[in-house]
1. So which pairs qualify, if the first residue must be in the stretch 8-31 and over 18 Å from Ala223 (Cα atoms) and in a loop (DSSP other than H, G, I, E, B), the second must be within 16 Å of the ligand (Cβ to nearest atom) and not hydroxyl-bearing (Ser, Thr, Tyr), the Cβ gap must be under 6 Å, and the two must be at least 6 apart or on different chains?
2. Limited to the stretch 534-567, what total is found for residues that are farther than 23 Å from Tyr132 by Cβ and surrounded by fewer than 19 Cβ atoms within 10 Å (Cβ to Cβ)?
3. Could you tell me which numbered condition Met399 fails, if it satisfies all but one of (1) within 16 Å of the ligand (Cβ to nearest atom); (2) in contact with a Phe, Trp or Tyr (Cβ under 7 Å, 6 or more places away or on another chain)?
4. What's the number of the condition Ile347 fails, among (1) more than 10 Å from the ligand (Cβ to nearest atom); (2) part of a loop (DSSP other than H, G, I, E, B); (3) surrounded by fewer than 24 Cβ atoms within 10 Å (Cβ to Cβ)?
5. Any residue in the stretch 257-269 that's in contact (Cβ under 8 Å) with a residue 12 or more places away in the chain and at positive phi: show its pairings with residues that are assigned to a helix (DSSP H, G or I) and within 12 Å of the ligand (Cβ to nearest atom) at Cβ separation under 6 Å, as long as the two are six or more apart or on different chains.
6. Which number in (1) under 25 Å from Thr550 (Cβ atoms); (2) more than 13 Å from the ligand (Cβ to nearest atom); (3) not basic (Lys, Arg) marks the one condition that Cys262 misses?
Amino acid sequence: MGQGFEKLFERTYIGKLGVKNRFVMAPMGIGIDVMSGCIEEKDVEYYAERARGGTGMLNLGFQIVTNKTDPFTMSRFGIGTPLQEMGWARLCDRVHGYGTAVMVQLSCGLGRNAMVMPGVQNVSASENTCFYDPTSTTRPLSIEEIQTIVQDFGRAAAACKRAGVDAIEIHGHIGYLLDQFMTSLWNKREDIYGAQTFENKMRFVTEIYQACRAAVGPDYPIAFRMAVEHGIPGGRTKEESAEIIRYLDRLGVDAFDVDWGCYDAYEWVFPTCYMPDGCMMDMSAAFAKSITGKPIMVAGAFTPETAKKAVEEGKADFIVIGRGLLADPEFARKLQEGRREDVRPCIKCNRFCLSAAGGARDSSCSVNPAVLKETIYGRIPKAETKRKVIIVGGGVGGMEAARVSALKGHDVTVYEKTDKLGGQLLAASVPSFKGRLSMLVDYYKVQLDKLGVKVEYGREITADSEELADAYRIIVATGAHGFVPPIKGADGPNVLEVIDAHTGDQARIGSRVIVAGGGPSGCDCAIELAMEGKEVTIVEMMDQLYPTGTLDNRFSVLRRVAEEGIHVMTGAKVKEFNDKGAIVETAEGQKKLEADTAIIAMGTRPNGETAKAILDKYVCAQTIGDCRAIGQVGEAVQQGFFAGWSIE
Ligand SMILES: Cc1cc2nc3c(=O)[nH]c(=O)nc-3n(C[C@H](O)[C@H](O)[C@H](O)COP(=O)(O)O)c2cc1C
């Protein structure tokens, strides 16, 4: 094994269930439950791939016990149809073949966290405002509904056991419906399920646990997932959690899967790149460990190193990996085989897994296009004929195209005009909180090297370059350049493009800085400079900062901007840069902003000219990534993957 990860591979127990190592795939409600709640072949293979990759246990994530109460669940089957049970059984057989255990997370829904749909009212413990639409309120579940849900949990637990599932987890975490009963913040009921006493607050959970226990018997592992703090005013505190954990421990819960936060502290639910790796091991796992002797499971953007630390320092028994196992299903096996350098990192972007690229796609992963398509793309087959493949540009799209083409057995050369692979990621990964992007670049460098891809540095290819003449396929991945708007003074000596601000001569950046453009790259640059002690002002044209970011990233960025004391001017437009700073137009008229340096972060434009010339000349050429259309890492990787895949 080597590399010091041995402790992660100890057989570890939940009650009498022995799990072959300490890696648990996090519950992630993608795939199975999205459409029907029934397991299709693609779902079996998605999980089988993570089992084959050496994971000790897979948590199937968010299986709803009923579709009758929470509107979020209504379009889905509740647990209990024979079709579902048969699907689980098929999945268990396949996964057990790898010696991997299966856990199913049982849930009754999202409550106030669900999207609000026209004509239906969300439910909760009591009347609460809905997270996504504060103008809508929830209705309290009736006692009859509560008691039906309790029975549904029991029915679902029995179905799991019959299907061969090894353990269940009750989904009490992070402010979802069940958790809304467990806190006086969202539980204002005055009946026996109200939060006025501990016993009443825990009655719903207690009855659910008891129904499950009665259904599965004394020796079957039941875990409970909960946030040890909600992280918002009025939310659950550690003191309250300690009491809950002690109580559930006495009740008979076999393991605790602990995390932190709630939707109102969104960045904790799906930790962003602005959160540290292994972000919940101290705040949640170590805390829970100090309360109970039962096994502790914890998620939160683990790297192999933070996972090792959490276990070696006795903070957690099981390391729960979610997005990391989307990015690389073989996370565990590679560590076991002493191949740390081959682990493809999750970049914590949340774009393709969580928001499915804004709803335009089915769930996937920015760095692993094969997610949920393992039946087709899980293995990269060798081509029958070895072809000459030329890749123009060594950014992330070009590197992925090179990797996949080489895995197909082709003769691959990457021409990169600079002296480094990585393209725009080299600049984007400079801020300390963007370290995962450097990990991704390092991953590709290692893979290209291992696969024998030739990389020619300092070589700028044009349509006339003779290197292209006998290529079977030319993949043009020339990327993009920063957009400099026609603003007076934009070419001044104290004005930089954001890419140069990251990678260029840092000494050119003075102590007072204006960042023109409050999108992702402008905000990242502003945070980075403020962390270095500079006084930073962001000027953004739109009426809010980070206008296009995803909810989770927006949450983190706004928090970091506030923490770093960055000045923000929204609804403001730079009219002129000059040696004293900039003149900015606002609703109240023009203002002078004093600064030593101005940084332009107004987006990028495709490097399209060379690309077009190559396309016009060679029928075997194609473009991928930003030179085709400006996108993010996910788009470039997907296009690179499929370009490489298609070379037969
Ligand atoms: C796409 C996606 C779906 C998720 N669905 C669930 C779920 O169904 N149940 C749950 O308890 N947590 C869910 N989570 C949270 C994960 O279990 C995990 O706590 C979180 O992703 C942090 O772990 P990671 O950094 O290793 O991804 C989901 C996360 C993602 C990214």
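Every number in this text was worked out from the coordinates using simple rules, so none of it is lab data. A quick note: this is a predicted structure, and the numbers were derived from the prediction, not measured. Cβ sites come from the backbone with ideal geometry, for glycine too, and all protein chains shown count toward neighbours.
1. Final answer for the pair search is Gly31/Asp43; Gly31/Leu372.
2. Total satisfying the criteria: 6.
3. (1)
4. That leaves (3) as the condition not met.
5. Gly261/Trp268
6. Cys262 satisfies every listed condition except (2).
Residue-by-condition table, conditions (1) part of a helix (DSSP H, G or I); (2) in contact (Cβ under 8 Å) with a residue 60 or more places away in the chain; (3) surrounded by 17 or more Cβ atoms within 10 Å (Cβ to Cβ); (4) touching a strand residue (DSSP E or B) at 6+ places or on another chain (Cβ under 8 Å):
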{"site": "Gly338", "(1), (2), (3), (4)": "no, yes, no, no"}
{"site": "Leu372", "(1), (2), (3), (4)": "no, yes, yes, no"}
{"site": "Arg379", "(1), (2), (3), (4)": "no, no, no, no"}
{"site": "Lys382", "(1), (2), (3), (4)": "no, no, no, no"}
{"site": "Val389", "(1), (2), (3), (4)": "no, yes, yes, yes"}
{"site": "Glu400", "(1), (2), (3), (4)": "yes, yes, yes, no"}
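Residues are listed down the side, and each one gets a yes or a no for (1) exposed (fewer than 15 other Cβ atoms within 10 Å of the Cβ); (2) within 16 Å of the ligand (Cβ to nearest atom); (3) assigned to a helix (DSSP H, G or I):
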site: Asp133; (1), (2), (3): yes, no, no
site: Asp152; (1), (2), (3): no, no, yes
site: Ala159; (1), (2), (3): no, no, yes
site: Ile170; (1), (2), (3): no, yes, no
site: Ile174; (1), (2), (3): no, yes, no
site: Gln180; (1), (2), (3): no, yes, yes
site: Thr183; (1), (2), (3): no, no, no
site: Ile192; (1), (2), (3): yes, no, no
